[in-house]
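A short worksheet on the structure shown next.
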Amino acid sequence: MSSSAEDWDPRRLPDLRGRTYLVTGANAGLGFFSSRQLVGAGAHVIMTGRSPNRLATARKALAADLPDAAGSVETLLLDTSNLGSVRAAAATVRQRGRLDGLLLNAGMVHAPANRQTTRDGNELVLATNALGHYALAGALLSTLAARRGRMVWLGSMSTSLGAKDPVDVQLTEGYTPWRAYVQSKTVTTAVGLEADRRLRAHHVPVMSVIAHPGYAPSGRTRGIRGINEPSRLGRFTDNLQAPVTQSKEHGAWSLVRALVDPAIEGGEFWGPRLIARGTPRRAQPAKLTRDPAIGERLWVMCENATRMRWPFEAARR
């Protein structure tokens, strides 16, 4: 059974020394603050992102914030929208041979106005938020299994706001930015839950968990040069919503708990206590995402879109 929210203090994490975590999209936002919390608890963190300059800035900012933990951070180029980049990054991590957890955080919140596709031929938002993470988790499955590790998929409370069955997953018709974002998060959550079912069925010692940050805008988050620099207008606007929002530091709490709390079990869904804000608690994913038939269909879609099958038998112990 999972411990209750009252038993967990996100400001006082358990000792994570000796553990290694990979965080996608770690150069800003939730990924940066999740990395900061993990490093602050003693973990070694592989911060990944698409831009070497932004990764260097993030690593420098984290080292300045936690000077005693500077040696516990490394950076790795990874673009989740590019399957070649995913394969290359996974190969690098496998060579290092130690991984306790994956925080599958990278993603597009503000989708482009018009539909775009990647060099692999997939719709851009789906590729960035869901397909790249499916491929990364699969490529690192045996490495995670060797440490009885965990993967955490980044969900969204938007999936409970009227999300529909993603039949046209690639959005070849009726594309809108909001639909692209919500549908990508519906796929992410459903596939994360389907991963749990398949991991259990194949007796692979890896947990799949989903977490969402609530509503955590930049304007409610402390400014850090090169990491979080909202405009004055953006900060003013975001602070008008203070009763129903929280900072990205606090939004990262649910993600980090889902990644490191030893009491959490595979297939669980975590988010803020008040849905949009608050300390982490176990929650209920949208009904649509819990449907095994939809999960299986979307899993096969991921296999076909990435041309990759997870190596369950090889990861089995």
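The values are calculated or read from the model by the stated rules, or taken from the named source; none is laboratory data. As the structure is a computational prediction, the values presented were derived from the model and not from experiment. Virtual Cβ from ideal backbone geometry, glycine too; neighbours counted across all protein chains shown.
Tabulated values for the structure
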quantity	calculated
The stretch 295-307: number of residues that are surrounded by fewer than 21 Cβ atoms within 10 Å (Cβ to Cβ) and β-branched (V, I, T)	1
One residue from V152, V125, V109, V86 being touching a strand residue (DSSP E or B) at 6+ places or on another chain (Cβ under 8 Å) and not polar (S, T, N, Q)	V152
Odd one out for L13 among (1) at pLDDT below 90; (2) buried (at least 19 other Cβ atoms within 10 Å of the Cβ)	(1)
Matching residues in the stretch 147-171 - criterion: being surrounded by fewer than 22 Cβ atoms within 10 Å (Cβ to Cβ), touching a residue at least 40 places away in the same chain (Cβ under 8 Å) and small (G, A, S)	S160, A163
Whichever residue in the stretch 64-114 is in contact with a Gly (Cβ under 9 Å, 6 or more places away or on another chain) and at pLDDT below 95 and, among such residues, is surrounded by the most Cβ atoms within 10 Å (Cβ to Cβ)	G107
Residue that is modelled with pLDDT of 70 or more, surrounded by 15 or more Cβ atoms within 10 Å (Cβ to Cβ), of a type in the set (D, E, K, R) and on the phi < 0 side of the Ramachandran plot, where the choices are E249, E265	E249
Residues satisfying the stated conditions in the stretch 105-135, i.e. among the small types (G, A, S) and more than 12 Å from Q183 (Cα to Cα)	A106, G107, A113, G121, G132, A135
